[in-house]
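In what follows, a structure is listed as structure tokens, so that the remarks can point back to it.
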Amino acid sequence: MKTFTNTLLLLLCLSFGAHAAEQVELQKANINPNDKASLLRGAKHFVTYCLGCHSAKYMRYLRIALDEHVDEKTVLRDIAPEGASIYDQLKSAMNKHDAEKWFGTQPPDLSLISRSRGPDWLYSYLKSYYVDTSRPFGVNNLVFPDTAMPNPLWQQQGEQHAEIRKTIWGGHTELELVKPGVLSEHEFDRMVNDLVNFLDYVGEPEKVNRESLGKFVLLFLLVFTVIAYLLKKEYWRDIH
């Protein structure tokens, strides 16, 4: 019985170790909701490279202008697609029928993708495409295997190949850039970071105001706690 128990524990440890080895370590996204320039660049990248397939229907161009204190005409000129109204939502022109025909499914709305997946996941996902000729679009993704989405930033990043590295604990996959894109590695990192920063803002536009207000709420609670304690002492003095 003891031998059986030890064997079972060993198998469980090995299975957990193998599962952990399969997990992809996410890269850290350096987002900053107070970085106005980054958010505006990210908004432009979203409209240019993502809006063709994905929507962010809970965001309007007017909201971007108001939150970032930018003139409405500037948003229409530098961010919004030609012919858009400042009151328009960030909606894709792709219809459901075409989406299912080309991709096999309708691309999801990205309004809450950052809150669902997290900024680090998004950042790592956009940087983890690699060449895979067995896939319909010729690419796969290390973070989201067998993704139906082609690499929207392939021209900027270039081509990556997946290389399996052997270790004493098994193997893991690393990506190697074999054909540089039009952007340097640093420029591409900044581009992806700006895009993720914008998607994080879209998921919670009030985040900056909420965090700013939170400091005053905590201060109020602290002052109220002191007053409540002094009041309690005053009441109990009469009782005793």
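For region 87-101, the criterion of being farther than 19 Å from residue 47 by Cα and either within 16 Å of the chain's Cα centre (by Cα) or surrounded by 15 or more Cβ atoms within 10 Å (Cβ to Cβ) (or both) is satisfied by no residue at all.
Number of residues in region 54-69 that are under 17 Å from the mean Cα position of the chain (by Cα) and surrounded by 19 or more Cβ atoms within 10 Å (Cβ to Cβ) equals 4.
Taken over region 211-231, residues that are closer than 22 Å to residue 33 by Cβ and not hydroxyl-bearing (Ser, Thr, Tyr) amount to 8.
Do we find that residue 119 is under 26 Å from residue 32 (Cβ atoms) and modelled with pLDDT under 95 in this structure? So residue 119 fails the test. Would a scan of region 215-237 turn up a residue that is part of a helix (DSSP H, G or I), more than 26 Å from residue 112 (Cβ to Cβ) and acidic (Asp, Glu)? Yes, region 215-237 contains at least one residue that is part of a helix (DSSP H, G or I), more than 26 Å from residue 112 (Cβ to Cβ) and acidic (Asp, Glu). Look at residue 155 and say whether it is out of contact with any Phe, Trp or Tyr (no Cβ under 8 Å at 6 or more places or on another chain), farther than 22 Å from residue 181 by Cα and surrounded by fewer than 20 Cβ atoms within 10 Å (Cβ to Cβ). In short, no.
The values are calculated or read from the model by the stated rules, or taken from the named source; none is laboratory data. Keep in mind the model is a prediction, meaning the values are calculated, not measured. Counting neighbours? That spans all protein chains shown, and the Cβs are built from the backbone with ideal geometry, glycine included.
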